[in-house]
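Chemist: Take a look at the following structure, please.
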Amino acid sequence: MTHFDTIIIGGGPAGMMATISSAFHGKQTLLIEKNKRLGKKLAGTGGGRCNVTNNGNLDDLLAGIPGNGRFLYSVFSQFDNHDIINFFEENGCALKVEDHGRMFPVTDKSRTIIACLEDKIAELGGQVLTNTEVLSVKKKDELFQVKTADTSYTSQQVIVTTGGKTYPSTGSTGFGHEVARHFKLAVTPLESAESPLLTEFDHKALQGISLDEVTLTYDKHVITHDLLFTHFGLSGPAALRLSSFVKGGETLQLDLLPHLSSQELASYLESEREKSLKNALKAHLPERLADYLARDYPEKVKQVTPKELDSLLTKIKALPIKVTGKMSLAKSFVTKGGVDLKEINPKTLESKKVPGLHFAGEVMDINAHTGGFNITSALCTGWVAGSQFPNSWL
Ligand SMILES: Cc1cc2nc3c(=O)[nH]c(=O)nc-3n(C[C@H](O)[C@H](O)[C@H](O)COP(=O)(O)OP(=O)(O)OC[C@H]3O[C@@H](n4cnc5c(N)ncnc54)[C@H](O)[C@@H]3O)c2cc1C
């Protein structure tokens, strides 16, 4: 069979959910994925545990999607994160909530989520072709022609869910942007988002240290979340979130103990004056970080002069870190930019110029924070795109 009502290109979260929705709405549906397996990028999220959604309210969702989240108002009114949670629970895949509302399968295995989506596609009669790359999409006489290396498929409707352009080894290489350009739709410039930060800092001393709930500040942007020192700079959610607001050349301030004021810290140190400074700091900070901070000061707390105390408190509460750049697009987590939202109807996700052509997921100019927000956007837009019927059928 080479004719389908709906063909979906790309089997990430957006494509799998679009396939489920399309088949659920009674359409003959084909999903084409170039990898051997579906959901390769999804499998790597949440450290391999699959951060499938976030359990926040609508305001939390919009705050978690700094890149054009408002475009999704109508999508979320049709299918939102709570529908995602219900979907998995109803289909035998129990979820649990972790910090910052992040949701994972109770099994802590991405495979569980992907298997649940695959099983649902099969149950609803959606067809899946893996190991098959779509080479071109054209439209002739109201029908789309979707070409792979050995077959030409036709359909009334195409949903492009090929993702962005980060981690190209997962299959997301920007093919959907080419499809958009073929149909003369605008694509906004692509940039790294949720990118680890390259910094000018003593990386060797701090590499590998991870911190819970620190505050990273640049200008009016204040982000409290976990942070990781790496061999090149900063990673972890706090750095990834701040990456949307910097390019290189900026100096960030890191508050290592945001829950304690400078005054509280000074009183604490006063109460520990007989201790070594290193040991006093270790009560609040990881050992290597305490060593690093204490190395420029006298050994004992009681030997620290008022001027030295001021300088130490500044290092703990506002450690300056100079950003020299961001990781390349390929090594960032999310793509900022994509198919221009002016081209897309926010209710149906259909192209305004090309009837029957839909977009869902990261291929669109929408970028969110890690923490489940991109995946929420992908699954919800996938559902909505899959539930549409081309006008010619109505
Ligand atoms: C390491 C990492 C960690 C992340 N962690 C998080 C997180 O914790 N929370 C969060 O919200 N987001 C996270 N993200 C982002 C999230 O994974 C993506 O936003 C999401 O997967 C996008 O879904 P999608 O379906 O739009 O595209 P993708 O998941 O990129 O899927 C697109 C699919 O299309 C296929 N494809 C492309 N071209 C073709 C073609 N020509 N023919 C056939 N198939 C094609 C690809 O092979 C791919 O499988 C992370 C990303 C990375 C890289």
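Chemist: Leaving out ligands, DNA and RNA, what percent of the accessible area of the chain is carbon and sulfur, probe 1.4 Å? Write out the running numbers ahead of the final one.
Modeler: Working: 8480 of 16940 Å².
The C+S portion of the solvent-accessible surface of the chain is 50 percent.
Chemist: Given Cα pairs under 8 Å that are at least 6 residues apart, what percent is the relative contact order of the chain? Please list the in-between numbers first.
Modeler: On the way: 889 pairs, mean separation 101.1, N = 394.
Result for the chain is 26 percent.
Chemist: Hey, if you put +1 on the Cβ of every Lys and Arg and -1 on every Asp and Glu Cβ in region 197-326, which of F232, Q207, T251 ends up farthest toward the positive end of that dipole?
Modeler: Of F232, Q207, T251, it is F232.
Chemist: If you roll a 1.4 Å probe over the heavy atoms of the protein chains, what accessible area per residue do you get for the chain, in Å²? Don't jump to the answer; show the numbers that get you there.
Modeler: Details: 16940 Å² over 394 residues.
Value for the chain: 43 Å² per residue.
Chemist: What are the ³J(HN,Hα) values, in whole Hz, obtained from phi via the Karplus relation 6.51 cos²θ - 1.76 cosθ + 1.60 with θ = phi - 60°, for each residue of region 60-77 in sequence order, with x given for Gly and Pro?
Modeler: Rounded to whole hertz, the list is 4, 4, 5, 5, x, 10, x, x, 6, x, 5, 4, 8, 3, 5, 4, 5, 6.
Chemist: Moving to a separate point now. Give, in nm to one decimal, the length gained when the segment between S311 and R295 is fully stretched (0.36 nm per residue of separation minus the Cα-Cα distance). Don't skip to the end; give the middle numbers.
Modeler: Numbers: separation 16, 0.36 × 16 = 5.76 nm, distance 1.27 nm.
Once the chain is fully extended between S311 and R295, it gains 4.5 nm.
Chemist: Ok, one more. Cα atoms only: what Rg and Dmax, in Å, come out for region 23-90?
Modeler: When restricted to the Cα atoms of region 23-90, Rg and Dmax are 14.7, 38 Å.
Chemist: Could I ask something else about it? Only helical DSSP H runs with n ≥ 4 go in: add -39500 (n - 2.57) per run for the chain, normalise by residue count and round the 222 nm mean residue ellipticity to 500 deg cm²/dmol.
Modeler: Numbers: 14 runs with 121 residues, N = 394.
Calculated mean residue ellipticity at 222 nm is -8500 deg cm²/dmol.
Chemist: For region 197-326, just list the percent of Cα-Cα distances falling in each 5 Å bin from zero outward, please.
Modeler: Calculated P(r), rounded to whole percents: 2, 11, 21, 24, 17, 13, 8, 3, 1.
Chemist: Leaving ligands and nucleic acids out of the surface, order L31, L198 by accessible area at 1.4 Å, largest first.
Modeler: Working: L31 0, L198 50 Å².
Highest to lowest solvent-accessible surface, that is L198, L31.
Chemist: Can you give the convex hull volume per residue for the Cα atoms of the chain, as a whole number of Å³?
Modeler: Details: hull volume 53.7 nm³, N = 394.
Convex hull volume per residue, Cα atoms: 136 Å³.
Chemist: Explain nothing, just the number: dipole magnitude of the chain about its Cα centre with +1 on each Lys and Arg Cβ and -1 on each Asp and Glu Cβ, in debye rounded to the nearest 20.
Modeler: 960
Chemist: For region 197-326, what's the relative contact order in percent, using C-alpha pairs closer than 8 Å and at least 6 residues apart?
Modeler: On the way: 226 pairs, mean separation 43.9, N = 130.
So the answer I get is 34 percent.
Chemist: Moving on. Mind giving me the nanometre distance, one decimal, between the label points for D202 and E142, set 7 Å out from Cα along Cα→Cβ?
Modeler: 7.2
Chemist: Let me ask something else about it. May I ask you to list the lysines whose Cα is less than 29 Å away from that of K120, ignoring any residue fewer than eight positions away on the same chain?
Modeler: K27, K34, K36, K40, K41, K96, K109, K147, K165, K347
Chemist: Taking the Cα centroid of region 335-394 and of region 118-192, what is the distance between the two, rounded to the nearest whole Å?
Modeler: Comparing the Cα centres of region 335-394 and region 118-192, I get a distance of 13 Å.
Chemist: I've got another one for you. Using packing as a proxy for protection, rank 374-384, 184-194, 267-277, 163-173 so that the peptide with the highest average count of other Cβ atoms within 10 Å comes first. Provide the component values of the computation, followed by the final result.
Modeler: Numbers: 374-384: 29.1, 184-194: 18.3, 267-277: 15.2, 163-173: 21.5.
Peptide ranking by packing, descending: 374-384, 163-173, 184-194, 267-277.
Chemist: Just to verify a number: FRET efficiency for H182 and S210, C-beta to C-beta distance, R0 = 56 Å, to 0.05?
Modeler: The pair H182/S210 has a calculated efficiency of 0.80.
Chemist: Moving on to the next point. In nm, to one decimal, how far is the Y268 label point from the Q78 one, both placed 7 Å along Cα→Cβ?
Modeler: Rounded to a tenth, the inter-label distance reads 5.0 nm.
Chemist: Whose amide H sits under 5 Å from the amide H of K326, counting only residues 5 or more places off or on another chain, with H placed in the peptide plane?
Modeler: Those qualifying (amide H under 5 Å, at least 5 residues apart or on another chain) are L198.
The values are calculated or read from the model by the stated rules, or taken from the named source; none is laboratory data. In this text, all values refer to a predicted model and were calculated from it rather than measured experimentally. Cβ sites come from the backbone with ideal geometry, for glycine too, and all protein chains shown count toward neighbours. To get the accessible areas, we keep the full protein, side chains included, count just its heavy atoms, and leave off ligands, DNA and RNA. Shrake-Rupley method; radii C 1.70, N 1.55, O 1.52, S 1.80 Å.
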